[in-house]
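Remarks on the structure that follows.
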Amino acid sequence: MVPTTTNTEPLRVRFAPSPTGYLHIGGARTVLFNWLLARRAGGTFILRIEDTDQTRHVEDSVQKILEDLRWLGLHWDEGPELGGPCGPYFQSERLDTYNRYLQQLLESGHAYYALETQEQLQALRATGERTTGGFRYRRPDPVPTVEEGLAARAAGRQIVVRFKMPEEDIVVSDIILGEVRLPAEQLEDFVLQKGDGFPTYHFACVVDDALMRVTHVLRGQEHLMNTPKHVALQRALGFPTPVYAHLPVIFNLDGSKMSKRDKEKALARGEAPPEIDVHDFRVAGYLPEALVNFISLLGWSPGEDREKLTLDETVALFSIDRVGKTNARFDREKLLAFNTDWATRVTPPRLLEALRDFLAVNPDVPSAMREAAEETLAEVLRVCTGFRTFPDVIRKAGFLFVPDEAIVYDDKAVKKVLAKNEGEGYAVLRKLLPALADLADWSAAGVEAFLQHTCSDRNVQLGKIAQPLRVAVSGTTISPSIHETLALLGKARTITRIERCLQSV
RNA sequence: GCCCCCAUCGUCUAGUGGCCUAGGAUACCGGCUUUUCAUGCCGGCGACAGGGGUUCGAAUCCCCUUGGGGGUGCCA
């Protein structure tokens, strides 16, 4: 049995992204489960930045990841901006620490300098692929001495340090997958320190998890094969082995990986790019409540046919025991349904706050809408119920925020509602105009009463009047209910728009 | 190639030997509500991958096959 940390010490988990861009939706699910476990157990959630690959580092991505986490409502207890007792929380600032442990491994004979060049390894790998179908690094016998390694480095060569993998099967104990045995012959001497002096992921991760006293490691299943390396390293370093839980992976509906490249591919086909990063969903007008609820159900279920849960309820219900082993597919239709529902269950002030955030991050909204008064936006939300995402609100009420002279009339709407039957719709507008101009009570209720009376007086369906008005003021057949629309627009602008519409005949 | 993981409606899942003629959600289809677009409500369609065992009894346990995923980097 692999020794694991005892469960008497306080639970500590971490999320350790590398700064290569925005937070990926798969990463979001991993953070979420870590965060949920920490909150559920009253433990600590650590955020650590794994910036050990200088070549892949993307400018500003740390800030972007932090912002995504905050938007999701998943706040960290230790990490960037907050600090904490186990800092620094950027691996690039911990090089001395890694070097100290590297020395220890070198001295105890657990590690050695490996002198092969990248080109040599590449060649070996290529022939290995061709002949046996695979390549496994063979430890030199004898291994180069420390002096030889140092001498090669002094000569300007990029020399790596490898770990002496023990020649024994390693059993990884995973609370989701059970015990997984990895045969010794599959394991090889992996690199601890790269030619540029930076630690590899394996090394930095093991050292940091131990030093930051991480008790539980929840990560994607793609890391399962890394775990024996980590376990062996922990033993060599005298570190405890944390509890491991490898989470199932999230794919596209067609089974392919959800990758940033999907966006480029869709763009190349002239299609709308799919949301892949958390930020994409934010810009697309989703509520974090819905997104978090939805991804919490990918690989986890509270049972009892429950689905709609707030973050707090999820915390109260969360348990790794109920995390499944099966990979999941990301169904955007279902997310859309969740978002539609969440838009009706959050409080109006919260919805307004979310709308403001959407208006701030989405570049394609009418600029007047960003400057609109709180009360106006609140009214818009009140009359736009039934939307799926915020762009639906823009589609339905955006015309309220463009200048009267900028209204464009949709051809189909004009034909169907105004021009048909020898301009029947226009005739309605002409008749209505003076009466509307005389209307004293321009509240929604006042307008509604007026329209109702007009209908019964002329013995027509409300649609006969509402639709021409709708097209006249919005340019389309889509808007909130007609009385709310006119009330929101105001009398003057309504009249102006109707007159302009009539002039366009 | 080798190693590892996984397998219930199209999709997310409930189910841990009898409560299952398999439940919920979403999607789809039909109906209702409605001044537009939506929303909402009601109903319907729809799955235990295949084959062997074990057992009085299997979606649940075991084996094989098939299918899917991951690993096989000086990426993380």
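Since every read-out is calculated from the coordinates, none of them should be taken as a lab result. What you are looking at is a predicted structure, and each value in this text was computed from that prediction instead of being measured. Cβ atoms come from the backbone with ideal geometry, glycine included; neighbour counts cover every protein chain shown.
Worth pointing out:
- For chain A, adding -39500 (n - 2.57) for each run of n ≥ 4 DSSP H residues and dividing by the number of residues yields -14000 deg cm²/dmol at 222 nm.
- Dipole in debye (nearest 20) - segment A:284-332, about Cα centre, beta carbon charges: Lys, Arg +1; Asp, Glu -1: 260
- Across segment A:94-247, Cα-Cα pairs more than 29 Å apart make up 20 percent of the total.
- C-alpha center-to-center spacing [segment A:118-153, segment A:257-310] in angstrom: 43
- Among A:132, A:200, the ranking by other beta carbons within 10 Å of each residue's beta carbon, starting with the fewest, stands as A:132, A:200.
- Cα-based equivalent ellipsoid of segment A:261-389: semi-axis lengths in Å, sorted from largest, via gyration tensor: 28, 22, 11
- D_trans [Stokes-Einstein, Kirkwood Rh over alpha-carbon pairs] for segment A:150-210, 25 °C, 0.890 mPa s, µm² s⁻¹: 179
- Rg over Rh, two decimals, segment A:364-426 (C-alpha only, Kirkwood Rh): 1.07
- Rg over Rh for segment A:404-503 works out to 0.92, using Cα positions for both radii and the Kirkwood form for Rh.
- Sorted ascending by nearby beta carbons within 10 Å, beginning with the fewest, A:35, A:71 become A:71, A:35.
- Considering only alpha-carbon pairs that sit under 8 angstrom and 6 or more positions apart, the relative contact order computed for chain A is 12 percent.
- Rounded to the nearest 20 debye, the dipole magnitude of chain A is 1040 debye, with +1 charges on Lys and Arg beta carbons, -1 on Asp and Glu beta carbons, and the Cα centre as origin.
- Relative contact order, percent, segment A:94-247 [alpha-carbon distance under 8 Å, six or more residues apart]: 24
- Square roots of five times the Cα gyration tensor eigenvalues for chain A, Å: 62, 23, 20
- Over all pairs of different C-alpha atoms in segment A:191-232, the reciprocal of the mean inverse distance, the Kirkwood hydrodynamic radius, equals 11.1 Å.
- Computed about its Cα centre, the charge dipole of segment A:85-215 is approximately 280 debye, with only Lys, Arg, Asp and Glu carrying charge at their Cβ.
- Remark on segment A:14-165: ratio of C-alpha radius of gyration to 2.2 N^0.38 Å is 1.35.
- Mean Cα-pair separation over length for segment A:371-505, i.e. relative contact order, pairs under 8 Å, 6 or more apart, %: 34
- Inter-centroid distance (Cα atoms) of segment A:378-426 relative to segment A:477-495, Å: 9
- By DSSP, the beta bridges lying fully in segment A:94-247 are antiparallel in about 65 percent of cases.
- When A:396, A:263 are sorted by how many other C-beta atoms sit within 10 angstrom of their C-beta, beginning with the fewest, the order is A:263, A:396.
- Charge dipole (chain A, unit charges on Cβ, about Cα centre) - positive-most of A:482, A:273, A:242: A:482
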